[in-house]
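The values are calculated or read from the model by the stated rules, or taken from the named source; none is laboratory data. Nothing here was measured: the structure is a model prediction, and the numbers come from that model. Cβ sites come from the backbone with ideal geometry, for glycine too, and all protein chains shown count toward neighbours.
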Amino acid sequence: MSFNEGDFIEIDYSARRAYDKSLVYTTLEGVAKKEDASREEARYAPELVIVGKNTAIKGVDDAVRAMSVGEQKTVEIEPLDAFGERRDDLVTIMKVDDFRKRDVDPVPGLQVNIDGVIATIKSVNSGRVVVDANHPLAGEKLVYEIKVVKKLEKQEDKVAALAEHNGIEMPKVEMAGKTVKVSLDGKAKKDSSKYFVNKSSFIQAVFRFLGDVEKLDFEEEYLREKDRD
């Protein structure tokens, strides 16, 4: 069995650098703990892939398309089908003052937003800051260990997966014809600085990937802090 373009698939995976097999990311908490790479902010859960819709790197999308539910596969992915080749033109030099005007203290390793582009500070020396807008894994060959967990069939499940994929927690989803209703109760986290950006991304994703949805109702409930327990 293979999947078709637009199918909603959930996968578990572990991504490693090909040259030393070091773990880059995993959806499996057990793997992260075993390799002493667990992160408190990480979300350890199957990840959504919408086949052929650029929701995963091309190498993963191509591999998943030819798999079936329950199947496991290890694939080696060249940079072009992963995070691209490194580009020298994406490495620039800025002045320290350019950052201080933005109330940013530039230090190596810090990720910054430069005119809408996420970049990493590589070095700071003599008032000059080297900034790299390449993806941190650009130019690297990667090895992905993939397992297809499930295929989502129901519209409600697809909407819930899109919500969680975009950082919207604990959604309750109901379908009525071509209208989808999404409700969040008072226990769902809505105080993050990213929440409203996540909500906007989620709404856009529903209309982009679910062509038969014509209306989305989004309901939120807020509680006083003392009433949340």
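Brief remarks on what is shown
- Every test in (1) part of a strand (DSSP E or B); (2) within 21 Å of residue 168 (Cβ to Cβ) is passed by residue 40 save one, and that test is (1).
- When segment 87-117 is filtered for residues that are in contact (Cβ under 8 Å) with a residue 12 or more places away in the chain, surrounded by fewer than 15 Cβ atoms within 10 Å (Cβ to Cβ) and either of a type in the set (Lys, Arg) or not in a strand (DSSP E or B) (or both), the ones remaining, listed by number, are 87, 95, 97, 98, 107, 108, 109.
- If the condition is being farther than 29 Å from residue 63 by Cβ and either in a loop (DSSP other than H, G, I, E, B) or within 22 Å of the chain's Cα centre (by Cα) (or both), then segment 118-149 contributes 119, 121, 126, 127.
- Test: residue in segment 204-217 that is without any contact (Cβ under 8 Å) to a residue 60 or more places away in the chain and under 21 Å from residue 45 (Cα atoms): yes
- Count - residues of segment 165-206 that are assigned to a loop (DSSP other than H, G, I, E, B) and closer than 16 Å to residue 216 by Cβ: 5
- Residues being more than 15 Å from the chain's Cα centre (by Cα) and either assigned to a loop (DSSP other than H, G, I, E, B) or over 19 Å from residue 150 (Cβ atoms) (or both) - total across segment 52-73: 9
- The set of residues in segment 5-32 being surrounded by 12 or more Cβ atoms within 10 Å (Cβ to Cβ), part of a helix (DSSP H, G or I) and not β-branched (Val, Ile, Thr) consists of 29, 32.
- Summed over segment 175-185, the residues that are under 25 Å from the mean Cα position of the chain (by Cα) and either surrounded by fewer than 15 Cβ atoms within 10 Å (Cβ to Cβ) or under 14 Å from residue 155 (Cα atoms) (or both) give a count of 4.
- Every residue from segment 125-140 that is crowded, with 16+ Cβ neighbours inside 10 Å and of a type in the set (D, E, K, R): 132, 140
- One residue alone among 110, 90, 80, 48 is under 19 Å from residue 2 (Cβ atoms) and aliphatic (A, V, I, L, M), and that residue is 48.
- Any hit, segment 155-164, residues being crowded, with 16+ Cβ neighbours inside 10 Å and not in a helix (DSSP H, G or I): no
- Every listed requirement among (1) farther than 25 Å from residue 208 by Cβ; (2) outside the structural domain of residue 119 (by TED's automatic domain parsing) is met by residue 106 save one, (2).
- Candidates 45, 82 - the one that is within 30 Å of residue 160 (Cα to Cα), under 15 Å from the mean Cα position of the chain (by Cα) and either crowded, with 18+ Cβ neighbours inside 10 Å or in the same structural domain as residue 161 (by TED's automatic domain parsing) (or both): 82
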